[in-house]
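*Asks:* Shown below is the structure under consideration.
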Amino acid sequence: MELKETQRGIWSSKIGFILAAAGSAVGLGNIWRFPTVAGRSGGAAFVVLYLFCVVIVGLPVMIAELSIGRHTRKNPVGAFEKLAPHSGWKYLGVLGIVTGIAILSFYAVIAGWIIGYFFKAVGGEFQRISTAAESEMIFTGFARNPFYQMLLLGIFILLTSLVIWRGVKGGIEKWSKILMPILIVILISLVIRSVTLPGSSKGLAFYLKPDFSKMNFKILLEALGQALFSLSLGMGTMITYGSYIQKRDNLSTSALYVCIFDTAIAILAGFMIFPALFAMGMKPDIGPSLIFQVIPAMLARMPGGYFFGIGVFLLIAIAALTSTISLLEVPVAYVVDEKGWSRSKAVTVMGSIAFIFGIFSALSNGALEFLTKLPAINTSFLNVMDTAFSKFSLAIGSLLESLFLGWIWGTAKAIEEIEGEGVIFKYKKVWIPFIKVITPLLILIIFGDLLRRTFF
Ligand code: TRP
């Protein structure tokens, strides 16, 4: 057993695992998607529902995924096959693999934008911005260039592949350890600039004062999708990462730390974006380009803005990289474990598929009119991918995972795994009713309302 574990790769310590899982969780989901979705979903009302979903769905499902992963020591497909042999459950794993590649394909586009904006920061382009309109013009010109968009996407997929190539410990763990704290310091500096801009108080009110009349199931669905996306849940990332945890580590407390840390960074990103956004008279619901319009305009108004600009885009790029690594690791672990592929072949094939699909998202923000405004639905290809996979696939995955754990594998066996080597799972009495009933029920209710809204 020991030998097998070391062959497959294993985190060197509990803190190493927490950092790697936090590295997976913290990324564009927190810094790009959270403000984007909060902005179009009514601000503070969304934030309240988001926190609700982290607690009711996120934390219980994270504990579920980690325990399945550590118990089986497998990728999602292998894990479900092992716990429920010759049943349909392995297709839940397959859904996870497909979702991982699909999310990677558009995620790497946004990550490519971060790289592009890093170069702009180095070139001093943002120092000249004086109005919100200029900031918008820079973005539009940037996103319209098809070759540059494809190049940036390619660079990001290549970077991800290079790290995955080197395996679990050498690659993933080391990065997360050093850079996460620096990112937090830079974010806090930008938050201070944002909240001290004249006119920022309107933004604080938008972000912090919930208008309860704005709360509805539509926003709850947005909040659910965002919570799962941000915590890397619903497609087996945490099954795969859990498969590399040591038996003596307490995975329930690790899950708690990761949830708290990830949520704190998202909340911080909101404090960075919304006060500045309102101070500069921009609209909160402009969509995926939101942070790319707000951050540069803010840097132009900041002492040392040139250096903060370089720092912030570099570190967001690295945070995105520790997330894309976890997205690509799932399909890679699958073909390595189950199909006996070599790691390098797996990385090359899976990375290429993500790149090819990513091209459609890369060209859908102004470069190709057809993909930018898809006929009939009038939205971009990137938005369609994001909706299909972040909102729906992750929620369905989480629903089925909690039902699987609660009713097929059984909470007793899961708890036995969590408490494996003398660890105490303090909150098991609370976790059991959640994972069996409350968590899946909430997801079902949200989907039930969606069906009602669509068909009746
Ligand atoms: N959670 C990451 C972020 O916030 C993105 C991510 C990594 C992810 N792995 C995932 C999202 C698995 C959903 C599922 O940026």
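*Asks:* Do you know which residues across segment 132-161 are without any contact (Cβ under 8 Å) to a residue 24 or more places away in the chain and surrounded by 17 or more Cβ atoms within 10 Å (Cβ to Cβ)?
*Replies:* Once the filter is applied, which keeps residues that are without any contact (Cβ under 8 Å) to a residue 24 or more places away in the chain and surrounded by 17 or more Cβ atoms within 10 Å (Cβ to Cβ), segment 132-161 yields nothing.
*Asks:* Additional query: Which residues, counting only those in segment 303-347, are assigned to a helix (DSSP H, G or I), out of contact with any Gly (no Cβ under 7 Å at 6 or more places or on another chain), away from the ligand (no atom under 12 Å from the Cβ) and hydroxyl-bearing (Ser, Thr, Tyr)?
*Replies:* Tyr334, Ser344, listed by residue number.
*Asks:* For Phe118, state whether it is within 14 Å of the ligand (Cβ to nearest atom), in a helix (DSSP H, G or I), farther than 21 Å from Pro284 by Cα and touching a Leu at 6+ places or on another chain (Cβ under 8 Å).
*Replies:* No: the conditions fail for Phe118.
*Asks:* Specify the residue that is nearest to the ligand (Cβ to nearest atom); the eligible residues are those in segment 221-242 that are touching a Lys or Arg at 6+ places or on another chain (Cβ under 9 Å) and under 25 Å from Gly422 (Cβ atoms).
*Replies:* Restricting to residues being touching a Lys or Arg at 6+ places or on another chain (Cβ under 9 Å) and under 25 Å from Gly422 (Cβ atoms), the top hit is Ile239.
*Asks:* Mind telling me which of the residues Ile295, Ile245, Ile286 ends up being away from the ligand (no atom under 16 Å from the Cβ), modelled with pLDDT under 95 and under 26 Å from Gly43 (Cα atoms)?
*Replies:* Ile286
*Asks:* Look through segment 375-403, keep the residues that are of a type outside the set (A, V, I, L, M) and surrounded by fewer than 21 Cβ atoms within 10 Å (Cβ to Cβ), and return whichever of them is farthest from the ligand (Cβ to nearest atom).
*Replies:* Only one residue tops the list, namely Pro375.
*Asks:* Filtering segment 404-421 down to residues that are among the small types (Gly, Ala, Ser) and in contact (Cβ under 8 Å) with a residue 60 or more places away in the chain, which residue is surrounded by the most Cβ atoms within 10 Å (Cβ to Cβ)?
*Replies:* The qualifying residue surrounded by the most Cβ atoms within 10 Å (Cβ to Cβ) is Ala414.
*Asks:* Cβ contacts < 6 Å: first residue closer than 14 Å to Thr196 by Cβ, restricted to segment 273-288; second residue part of a loop (DSSP other than H, G, I, E, B), any location; separation 6+ or different chain. Result?
*Replies:* Pro275/Ser200; Ala276/Leu197; Ala279/Leu197; Ala279/Gly199; Ala279/Ser200
*Asks:* Continuing with this model, one more query. Of the residues that sit in segment 95-131 and are small (Gly, Ala, Ser) and either surrounded by fewer than 23 Cβ atoms within 10 Å (Cβ to Cβ) or on the phi > 0 side of the Ramachandran plot (or both), which one is modelled with the lowest pLDDT?
*Replies:* Per the stated criteria, the residue is Ser130.
*Asks:* Can I ask one more? Taking the stated definitions as given, is Ile219 among the β-branched types (Val, Ile, Thr) and surrounded by 15 or more Cβ atoms within 10 Å (Cβ to Cβ)?
*Replies:* yes
*Asks:* Output the residues belonging to segment 229-253 that are outside any loop (DSSP other than H, G, I, E, B) and crowded, with 24+ Cβ neighbours inside 10 Å.
*Replies:* Phe229, Ser230, Thr237, Met238, Ile239, Thr240, Tyr241, Gly242, Leu251
*Asks:* Could you run through segment 351-374 and say how many residues are part of a loop (DSSP other than H, G, I, E, B) and within 15 Å of the ligand (Cβ to nearest atom)?
*Replies:* Residues meeting the conditions: 0.
The values are calculated or read from the model by the stated rules, or taken from the named source; none is laboratory data. Note that the structure is predicted; figures quoted are calculated from it, not measured. Reconstructed Cβ throughout: ideal geometry from the backbone, glycine too, with neighbour counts over all protein chains shown.
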